[in-house]
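Novice: Pasting a structure below so you can have a look.
The values are calculated or read from the model by the stated rules, or taken from the named source; none is laboratory data. Keep in mind the model is a prediction, meaning the values are calculated, not measured. Note that each Cβ is placed from the backbone with ideal geometry, even for glycine, and that neighbours are counted across all protein chains shown.
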Amino acid sequence: MNLLEKAVNTYLNAVRTLCPNVSHTALNYLKSGLRVVELQPKHFFIHANVIQQEIGFVFQGLIRAFYIDNQGNEITVNFVQENRYATHYTAFITRTPGKYYFQCIEPTILVNLSYDHIQTGYDKFPDIERYGRLIAEEVLKFQQKRIESFLFDTAEQRYLDFIKENPDLFNRVSLSHLSSFLGMERQTLTRIRQKLAKG
């Protein structure tokens with residue numbers, strides 16, 4: 001099995017995991033619209049202020065989502081690693097330009113599905129419509145958790161939660177990107193790490 005076939009099979013298995021009762025016909029329909037792409041570090045998968053045409057499933061690699069504030073600073077809002085979806089989902093489904101850039105940190109292989117193919121699938125297959133709803137729920141849960149972490153958790157707690165939930169991600173992202181994602185200065189993150197190391 002070559003890399004392209006592995007990527008497609010991994011994506012289809014992810015669909016089955018989310019929707020265990022998905023029919024073979026629905027899976028074959030999804031498969032017929034898949035496009036596998038390889039992107040190098042620093043390459044953009046999605047640009048801000050452009051309507052996103054495809055939702056991407058990360059088979060291999062790592063993508064950082066960020067926006068640029070009024071001072072020109074890049075503010076990281078997400079890291080998309082293997083078996084996760086690279087999309088600004090709300091903008092994707094409403095066909096409006098997104099506010100975020102999605103840029104590869106590592107060499108990345110994506111399995112992409114176009115908006116039109118998904119929409120046609122919703123009309124043809126209840127299984128695919130359910131799949132779309134479940135992805136939306138996953139995105140909503142992530143966003144809600146992130147909002148509440150800024151409202152109710154300390155900087156240290158946000159860092160601890162990140163390490164707990166993403167144990168393999170910590171060594172793959174820079175301290176600058178991580179501190180931005182956690183909503184703190186890099187010096188603050190360094191102090192927290194030193195404090196915990198002394199433990």
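Novice: Would you mind finding the one in Val37, Val58 that is in a strand (DSSP E or B), at pLDDT 95 or above, farther than 23 Å from Asn171 by Cα and touching a Leu at 6+ places or on another chain (Cβ under 7 Å)? Talk me through it step by step, then tell me what you get.
Specialist: Numbers: Val58 fails: farther than 23 Å from Asn171 by Cα.
Answer to the check: Val37.
Novice: Sort out which residues of the stretch 167-193 are of a type in the set (Ser, Thr, Tyr) and assigned to a helix (DSSP H, G or I), and write them in order of number. So that I can check it myself, show each step before the final result.
Specialist: Let us first name the residues in the stretch 167-193 that are of a type in the set (Ser, Thr, Tyr), namely 174, 176, 179-180, 188, 190.
Of everything in the stretch 167-193, those that are of a type in the set (Ser, Thr, Tyr) and assigned to a helix (DSSP H, G or I) turn out to be Ser176, Ser179, Ser180, Thr188, Thr190.
Novice: Something else now. When the residues of the stretch 87-104 are filtered to those that are in contact with a helix residue (DSSP H, G or I) (Cβ under 7 Å, 6 or more places away or on another chain) and in a loop (DSSP other than H, G, I, E, B), which remaining residue is modelled with the highest pLDDT?
Specialist: Narrowing the stretch 87-104 to residues in contact with a helix residue (DSSP H, G or I) (Cβ under 7 Å, 6 or more places away or on another chain): 89, 92, 97-98.
Among the residues that remain, those that are also in a loop (DSSP other than H, G, I, E, B) are: 97-98.
Values: Pro97: 96, Gly98: 93.
Here the answer is Pro97.
Novice: Sort through Leu27, Leu62 and tell me the only one that's surrounded by 17 or more Cβ atoms within 10 Å (Cβ to Cβ), over 14 Å from the mean Cα position of the chain (by Cα) and in the same structural domain as Thr120 (by TED's automatic domain parsing).
Specialist: Leu27
Novice: Something else: So the check is Cβ under 6 Å with 6+ separation or different chains; which pairs have a first residue in the stretch 187-198 that's surrounded by 13 or more Cβ atoms within 10 Å (Cβ to Cβ) and a second one that's among the acidic types (Asp, Glu)?
Specialist: Cβ pairs passing all conditions: Ile192/Glu156.
Novice: Quick check, is Ala48 aliphatic (A, V, I, L, M), part of a loop (DSSP other than H, G, I, E, B) and either under 16 Å from the mean Cα position of the chain (by Cα) or at pLDDT 95 or above (or both)? Walk me through it before giving the result.
Specialist: Numbers: aliphatic (A, V, I, L, M): yes; part of a loop (DSSP other than H, G, I, E, B): yes; either under 16 Å from the mean Cα position of the chain (by Cα) or at pLDDT 95 or above (or both): yes.
Answer is yes for this residue.
Novice: Name the pairs whose Cβ atoms lie under 7 Å apart, with the first residue in the stretch 26-42 and closer than 18 Å to Gly121 by Cβ, the second hydroxyl-bearing (Ser, Thr, Tyr), and 6 or more positions between them or separate chains?
Specialist: So the pair list comes out as Gly33/Ser114; Leu34/Tyr11.
Novice: Among the residues of the stretch 115-124, are any assigned to a helix (DSSP H, G or I), assigned by TED's automatic domain parsing to the domain that holds Ala14, at negative phi and touching a Cys at 6+ places or on another chain (Cβ under 7 Å)?
Specialist: The answer is no; no qualifying residue exists.
Residues checked against (1) of a type in the set (Lys, Arg); (2) farther than 22 Å from Ile147 by Cα; (3) surrounded by 13 or more Cβ atoms within 10 Å (Cβ to Cβ); (4) touching a helix residue (DSSP H, G or I) at 6+ places or on another chain (Cβ under 8 Å):
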site: Met1; (1), (2), (3), (4): no, yes, no, yes
site: Leu4; (1), (2), (3), (4): no, yes, yes, no
site: Cys19; (1), (2), (3), (4): no, yes, yes, yes
site: Ser23; (1), (2), (3), (4): no, yes, yes, yes
site: Lys31; (1), (2), (3), (4): yes, yes, yes, yes
site: Val37; (1), (2), (3), (4): no, yes, yes, no
site: His43; (1), (2), (3), (4): no, yes, yes, no
site: Tyr67; (1), (2), (3), (4): no, no, yes, no
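Novice: Still on this structure: Quick check on this structure: which one of Lys164, Lys141 is outside the structural domain of Asn21 (by TED's automatic domain parsing), of a type in the set (D, E, K, R) and outside any loop (DSSP other than H, G, I, E, B)?
Specialist: Selected residue: Lys164, the only one of Lys164, Lys141 that is outside the structural domain of Asn21 (by TED's automatic domain parsing), of a type in the set (D, E, K, R) and outside any loop (DSSP other than H, G, I, E, B).
Novice: I would also like to ask the following. Would you call Glu148 of a type outside the set (Phe, Trp, Tyr), surrounded by fewer than 17 Cβ atoms within 10 Å (Cβ to Cβ) and within 15 Å of the chain's Cα centre (by Cα)? Can you show your working first?
Specialist: Details: of a type outside the set (Phe, Trp, Tyr): yes; surrounded by fewer than 17 Cβ atoms within 10 Å (Cβ to Cβ): yes; within 15 Å of the chain's Cα centre (by Cα): no.
It is false that Glu148 is of a type outside the set (Phe, Trp, Tyr), surrounded by fewer than 17 Cβ atoms within 10 Å (Cβ to Cβ) and within 15 Å of the chain's Cα centre (by Cα).
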